[in-house]
Amino acid sequence: MVYWLTRLASWLTGKVPRRARLALGGPLTTLVYYAWASKRRVTIANMAQIIGATPDDPRARQLARQSWRNYGRYLSDFFYLPNATREQVMARVRDVTPAPGAFAGLDEAAALGKGTIIATAHFGAWDIAGVVVASKQTLYVLADTFTDPRMDDLIQGQRAHFGLRVLRAEKSPRPILRALQDNQAVAIVADRPLPASEGTPITFFGRRCYVPGGVAQLALLSGAPIAVGCARYDDQFSSTYYLVLAELIYPERTGDRQADIIRLTQRVYSALERVIAEHPDQWFMFRPFWPEQPEQSATAPADAAPALATSAPASAAASAGGAQGEADD
């Protein structure tokens, strides 16, 4: 059913003007927001943490509602992607990174010859970030295998359409390290909440939480710098994608492996925090991100939306982030 709905959505979005797609997508997911009470509460709690308020604050409720509306708008663009070319996507990209710009930063990282780890979040048009990078250099993305082979072929074919190379999340981390050793870029969607017993402790928006430490582990093992960034929309959800390289982080070893992982993971999340803080209604995190929130194990609908830049596999890579698709359910 999911496969045929995805095919239908892709076909329909190719026939409908973008303005109409946005006008339909936003209200549909807003209806889901109101109908799905548990997810509504979780999203409000996440937004309240971002702005330093309580869940009763009207601002938190407004941001939560806007996040679901924007998620529908994003989905309308995502489903349209098979109908577009790389050139059409790139024509809509505007680099708003301070001089010398995002591409200069990626060139700087590649000049070290150790590969580049690109860390992003479920934010804005995160799959577009992968398309943009792949237009300039070889890019591998980490992806779970869908249980439905037809769905898997559809999504992996969409990635290949834009020149992205897939590394399977269920496999050994060796292919990731090999790609980095070959001075290639590897993209990871990093934001995933974990229980305290499994995650790396960090402070995110002023509160302790636990997240995968795999991005830091991979960087420390390979020496690859971490490029933290995103592709986002403007407040009007115009057709422009805004490319942001928030920070280029170079891993440093002190001899204390665990402390190094925590320190580097914190730096990645501090950079993501700055990105999200500017446009919190474009952070599509619909599961509890901080402890003490209910339903820690609930799966967000964002995880059901396949993305072009996904998360990471077993061992060191297993803790890199939450992969997209059915395997994360």
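Every number in this text was worked out from the coordinates using simple rules, so none of it is lab data. Since the structure is predicted, the reported quantities are computational estimates derived from the model, not experimental observations. Ideal geometry is used to build each Cβ from the backbone, glycine not excepted, and the neighbour counts take in all protein chains shown.
Please label the shape of region 3-48 as rounded, prolate or oblate, based on the square roots a ≥ b ≥ c of the eigenvalues of the alpha-carbon gyration tensor (a/c under 1.5 means rounded; beyond that, a/b larger than b/c means prolate, else oblate). Prolate is the answer for region 3-48, as a/c is 1.5 or above and a/b outweighs b/c. Counting only Cβ charges, +1 for Lys and Arg and -1 for Asp and Glu, the dipole size of region 2-328 around its Cα centre is about 520 debye. The distance between label points at S239 and Q181 comes to 4.6 nm (points 7 Å beyond Cα on the Cα→Cβ vector). Oblate is the label for region 59-168, because a/c, from the alpha-carbon gyration tensor with a ≥ b ≥ c as root eigenvalues, is 1.5 or above and a/b does not exceed b/c.
Given the choices [x] 16.6; [y] 15.3; [z] 24.6, mean projected area of the Cα convex hull in nm² derived from the coordinates of this structure is entry [y]. Pairs of lysines in the chain whose Cα atoms sit within less than 30 Å of one another amount to 4, provided the residues are eight or more positions apart or on different chains. Could you tell me whether region 118-246 comes out rounded, prolate or oblate from its Cα gyration tensor? Rule is a ≥ b ≥ c as square roots of the eigenvalues, rounded for a/c under 1.5, then prolate if a/b exceeds b/c, otherwise oblate. Here region 118-246 falls in the rounded category. Projecting the Cα atoms of T29, M285, M151 onto the dipole axis of the chain, where Lys and Arg carry +1 and Asp and Glu carry -1 at the beta carbon, places T29 farthest toward the positive end. Taking the number of Cβ atoms within 10 Å of each Cβ as an exposure proxy, the fewest-first ranking of H279, H122, H161 is H161, H279, H122.
When you restrict to C-alpha pairs under 8 Å that are six or more residues apart and normalise by the size of the chain, the relative contact order lands at 24 percent.
The phi torsions of region 68-78, fed into the Karplus equation with coefficients 6.51, -1.76 and 1.60 and a -60° offset, translate into couplings of 5, 4, 5, 5, x, 5, 4, 4, 5, 6, 4 Hz, rounded to whole numbers, with Gly and Pro shown as x. Given springs between every Cα pair under 10 Å in a Gaussian network model of the chain, which of W68, W126, W11 has the largest fluctuation? Looking only at W68, W126, W11, the largest GNM fluctuation is found for W11.
Counting neighbouring Cβ atoms within 10 Å and putting the fewest first, the residues D235, D281 line up as D235, D281. Per residue of region 222-236, in order, report the coupling 6.51 cos²θ - 1.76 cosθ + 1.60 (Karplus, θ = phi - 60°) as ³J(HN,Hα) in whole Hz, putting x for Gly and Pro. Those phi angles translate into 9, x, 6, x, 10, 9, 9, x, 6, 10, 10, 9, 8, 5, 8 Hz.
Projecting label points 7 angstrom from Cα along Cα→Cβ for E87 and R150 puts them 3.3 nm apart. Coupling constants for region 82-92 follow from the phi torsions by the Karplus curve (6.51 cos²θ - 1.76 cosθ + 1.60, θ = phi - 60°), and in residue order they are x, 8, 10, 9, 4, 4, 5, 5, 5, 5, 9 Hz; glycine and proline get x. Between I155, I51, I118, the Gaussian network model of the chain with springs among Cα atoms under 10 angstrom shows the greatest mean-square fluctuation at I51.
Ordered by the number of other Cβ atoms lying within 10 Å of each residue's own Cβ, fewest first, I117, I226 fall into the sequence I226, I117.
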